[in-house]
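The values are calculated or read from the model by the stated rules, or taken from the named source; none is laboratory data. Only a predicted model underlies this, so the values are computations on that prediction, with no experimental measurement involved. Cβ placement follows ideal geometry from the backbone for every residue including glycine, while neighbour counts extend to all protein chains displayed. The protein model used for the area step is the full one, side chains on, heavy atoms only, and it has no ligands, DNA or RNA in it. Shrake-Rupley method; radii C 1.70, N 1.55, O 1.52, S 1.80 Å.
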Amino acid sequence: MTYKQSVIFFVFITVFPIHAQKMSDAVSQVLIPHEIFIGDVVELHYSFISQTAFPLGKSNSLQLELSGSPLGSLADICTVKQAVLSGKDNQYTLQLTFVPWKTGTIDFPVFDLFTLIDRKKSGFPVDIKPFSVSSLVQKTGSETFRPPAPPVLIPGTTYAVYAAVIFFLVFLVLLIRVILNLKGIVDFYKNIIRHIGYNRNARLTLRKLYRLQRSGTSLDDRLFCDSLQAVTRSYLEYRFAYPFSTVTSDRFVVTFDMLMSGLLSPDQSRYIEILGSTFCRTDYIRYAGNSLDAARQPAQMYATVLSNKERNSLLSAVIEAVHFFESGKPETGNTGEEKNNA
């Protein structure tokens, strides 16, 4: 080999590796988004070509360890969330995800890519090009906070919101009124239930009395009187909430007057006396029987036999009293019609 050939060979082996190294170090750097502001989540794509094979595994992607590296100690200017190296063949991309915390130019320190993969290795330095973080104040020229924007509503929902608010207010007012008048409302419904019970009790009583009226002479006098007293006393017990079945006939008027605290009206007193007389007369029929009193004169007063006219008179008196207690006035004109309807 001549001297000239030796010089050419020396230059080739010296210059070609340097040129190859420069070719391998050709990089491109892309920021997403292109314009960065404080607090944005930024992705930096650092792409390069290298003949060095990186151990990426079958997925051709590797999550890099940031703790203890220069990228993990940048809390004063930004927070690097993750670093991922991916590539195929000799083309690689290092993706850094970070959030900047200051405006101006940010220049990442040079770090070794091999060291991020394996702490025991080194030899592939990476130098990220400086980039700028813009200021919203400088861009907008505003130095004060804008007022909060109203919530975005779907078109047509404004009326629905107003209606819901009005409905809620009306409901709230009604609820407060109910709470303040709870006792009155409870008493009101109790009265309704009580009057429904009174009406049902009166209907059942009248039905039994009309049935007893239709029975005619099929019942003997004693059984008729037993039934009449049982039906009447049962009605009075429910209507006035007092055990009238235990009150003797001669004490009925006094007991009723005491129950009403002596405040009976003339009409009420008259119907109470009619019922008292009815109880006394039916008691006499039930218990006198063949006693000596039954033979006394006049016969129409002491007889222990009821005529059809007297039966109907006793029934009519009780029916009229029931109508009076329910409506406050006698309804003698309707007894025949109600009898037919029963």
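Along the Cα→Cβ direction, 7 angstrom out, place labels at residue 203 and residue 110. What is the inter-label distance in nm?
Those two pseudo-labels are separated by 10.5 nm.
With a 1.4 Å probe and all protein chains left in place, how much of the accessible area of the range 26-76 comes from carbon and sulfur atoms, in whole percent?
Percent of accessible area from carbon and sulfur atoms in the range 26-76: 56.
Using the heavy atoms of the protein chains and a 1.4 angstrom probe, tell me the accessible area per residue for the range 152-236 in square angstrom.
Value returned for the range 152-236: 73 Å² of accessible area per residue.
For the range 170-220, max minus min Cα coordinate along each principal axis, in Å, sorted largest first?
That works out to 65, 17, 7 Å along the principal axes.
Could you tell me the calculated FRET efficiency between residue 43 and residue 88, based on Cβ-Cβ distance and R0 = 25 angstrom, to the nearest 0.05?
Approximately 0.80, to the nearest 0.05.
Ranked by accessible surface with a 1.4 Å probe, highest first, in what order do 45, 195 come?
195, 45
Ratio of Rg to Rh for the range 153-282, alpha carbon only, Kirkwood?
1.35
Number of Lys pairs in the range 71-136 with C-alpha atoms less than 25 angstrom apart, excluding same-chain neighbours closer than eight positions?
Taking the range 71-136 as the scope, the lysine pair count is 9.
Please identify which residues in the range 44-62 have an amide N closer than 12 Å to a label point set 7 Å out from the Cα of residue 126, following the Cα→Cβ vector.
So the set is 44-49, 62.
Taking the alpha-carbon centroid of each part, what is the distance from the range 101-116 to the range 189-216 in angstrom?
Using only Cα atoms, the two centres lie 97 Å from each other.
Given the whole protein assembly as supplied and a 1.4 Å probe, what does the accessible area of residue 305 come to in Å², nearest 10?
In the full protein context, residue 305 sits at about 100 Å².
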